[in-house]
Ligand code: MG
Ligand code: ZN
């Protein structure tokens, strides 16, 4: 009797497995967070512990910077920021930024941009179509700020909580007509000359259709290739490729301390450059959790990103030659706040979308050159201003 029952379940399992086999690649794709359309909305964030926020002295914003740290909170609109601020008892490191403006995020193809066109605008200074990685609307490669900076002898770096070949960081390295060409994007890291990059994405470097092992190739080019943040943190000099997850790193709190130490390590390595540096730091998963309409997730990711901003400020306030720009590539979720309490840290949010929205996003600047980032700006204008300020043209 038991055997017959087991056999029945075995065959049933087999039939289900065969039926669903074609879906398997989708389930494991890097866009899983998006394709997983079943959104379980979480409106309430229950206040927890607060971290102290330091006040840093302002630096003369009229001078020109030697270094730029561009910090992209993917999908981070004003509601995401203010939810995090409320959750931290009413204050964020971001409050050290007194030069503020707005970025118009639309792409060449759509009123509502995706992260690829959004980052191409910032990295290359051109409006392109949704899905474009460092190419113009005719799919022609456009030089990105890392390439231009590298040519002038500046050091360059990328830090991301998502896979390092995901759309946002990809636009600062690669030139591909489609954001989903993950393995080609990773191969472009070998052509580029980025000094430091830390993020997820081991799979597309080491388990590839073309059989190449990009990690080995990176080592041959003189990179230290490391997989654990504890080891990455210890690096004091040289080129560094930190690959901390198969694809994306886990969201907070499961990810643990990754973004802050990665940002500190990158700054420590890049600031050894005599000619200056350009660093892009991405809080990638604010967007993921906003797609899922998860207020708690959005708050935790935005707080993690704010602490990375704190790490950048700790350096820039002493260094005095570094411009920090904090912005988003677009808003995600159409998030708004319906309630909150600065004492308890509780926040209630509602979402009007499970995708990106067309609303402009806030831009914050600190340090030399910061006074140039006020008012309404095209996202491409911000990209071009960074190049001008570093005298790359
Ligand atoms: Mg991103
Ligand atoms: Zn998104």
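Figures for the structure shown
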read-out	value
The chain: most fluctuating residue of 237, 108, 177 per GNM, C-alpha cutoff 10 Å	237
Taking the convex hull of Cα positions in the range 46-389, its mean projected area over all directions (nm²)	15.4 nm²
The range 106-177 versus the range 278-329: alpha-carbon centroid distance in Å	18 Å
Residue exposure sequence - 325, 164 - by fewest surrounding Cβ within 10 Å	325, 164
Estimated 222 nm signal from helices in the chain, with DSSP H stretches of n ≥ 4 weighted -39500 (n - 2.57), rounded to 500	-10000 deg cm²/dmol
Pair residue 272, residue 378: separation of 7 Å Cα→Cβ label points (nm)	4.0 nm
Relative contact order of the chain, pairs being alpha-carbon contacts under 8 Å that are 6 or more residues apart, as %	31 percent
Order of 230, 246 - criterion: other Cβ atoms within 10 Å of each residue's Cβ, fewest first	230, 246
Helix 78-87 vs. the chain, principal-axis angle (Cα, 0 to 90°, nearest 10)	90 degrees
Residue among 371, 329, 306 with the largest mean-square fluctuation in a Gaussian network model of the chain, springs linking Cα atoms under 10 Å	371
The chain: most fluctuating residue of 262, 192, 365 per GNM, C-alpha cutoff 10 Å	192
Packing-based exposure ordering (other Cβ within 10 Å, fewest first) of 304, 138	138, 304
Relative contact order (percent, whole number), the range 172-264, Cα cutoff 8 Å, 6+ residue spacing	29 percent
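Only the coordinates and a few stated rules stand behind these numbers; no lab work does. Given the structure is predicted, the values throughout are model-derived calculations rather than measurements. Neighbour counts run over all protein chains shown; Cβ positions are idealised from the backbone, glycine included.
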